[in-house]
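See structure below.
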Amino acid sequence: MKAVARYIRIPPRKARLAIDLVRGKRVDEALTILQQLPNKSARVARKVLESAVANAIHNGGLAPNALFVARAYVDEGPRWKRILPKDRGRAYRILKRTSHITIELGIVTPTQRRPATRRQAQPQQEEQN
């Protein structure tokens, strides 16, 4: 399942900081991480993740505890061009960047537990002189 938030007024570079933290994590763990972050990009990413989970539940009939963040990426949207007046009649251009945030969920497959392979501690033999 997938959710997309488009034309978000956050620079893509800042939005990627929050998205990179949740990529590959289980949904409940990702929501906890995004809730603890103080920046705006984390709040938007959390909404997108919640929307993706709702899509999976409603459209796919999947359980939320069986989902993980399979793909999460931020693309650059259009830039708003603004003019800042400067001295002597000059005008400086300001680019206000926007982002498109996409989160795709996958299903956690139950993996078979492998027996733990630990090296057996070899008893050290004492040398005799």
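What number of residues in the range 41-56 are in contact with a helix residue (DSSP H, G or I) (Cβ under 6 Å, 6 or more places away or on another chain) and polar (S, T, N, Q)? Final tally of qualifying residues: 1. Condition check for R6 on (1) in contact (Cβ under 8 Å) with a residue 40 or more places away in the chain; (2) surrounded by 15 or more Cβ atoms within 10 Å (Cβ to Cβ); (3) of a type in the set (K, R): one failure, at (2).
Results for (1) among the basic types (K, R); (2) closer than 15 Å to R71 by Cβ; (3) not in a strand (DSSP E or B), shown as yes or no for each residue.
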{"site": "A3", "(1), (2), (3)": "no, yes, no"}
{"site": "I10", "(1), (2), (3)": "no, no, yes"}
{"site": "K14", "(1), (2), (3)": "yes, no, yes"}
{"site": "D20", "(1), (2), (3)": "no, yes, yes"}
{"site": "G24", "(1), (2), (3)": "no, yes, yes"}
{"site": "E29", "(1), (2), (3)": "no, no, yes"}
{"site": "I33", "(1), (2), (3)": "no, no, yes"}
{"site": "P38", "(1), (2), (3)": "no, no, yes"}
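Residues in the range 3-40 that are within 16 Å of S99 (Cβ to Cβ) and either out of contact with any helix residue (DSSP H, G or I) (no Cβ under 8 Å at 6 or more places or on another chain) or not hydrophobic (A, V, I, L, M, F, W, C) (or both): R6, Y7, R9, P11, P12, R13, K14, R16, D20, R23, N39, K40. I'd like the full set of residues that are basic (K, R), free of Cβ contacts under 8 Å to residues at least 24 places away in the same chain and under 30 Å from R23 (Cα atoms), limited to the range 66-109. If the condition is that a residue be basic (K, R), free of Cβ contacts under 8 Å to residues at least 24 places away in the same chain and under 30 Å from R23 (Cα atoms), then R79 is the only one that fits. Quick check on the range 47-70. Is at least one of its residues of a type in the set (K, R), modelled with pLDDT of 95 or more, assigned to a helix (DSSP H, G or I) and surrounded by 10 or more Cβ atoms within 10 Å (Cβ to Cβ)? Yes: the range 47-70 contains one or more residues that are of a type in the set (K, R), modelled with pLDDT of 95 or more, assigned to a helix (DSSP H, G or I) and surrounded by 10 or more Cβ atoms within 10 Å (Cβ to Cβ).
The values are calculated or read from the model by the stated rules, or taken from the named source; none is laboratory data. Just so we're clear, the structure is a prediction, and the values are computed from it rather than from any experiment. For neighbour counting, all protein chains shown are included, and Cβ atoms are generated from backbone atoms with ideal geometry for every residue, glycine included.
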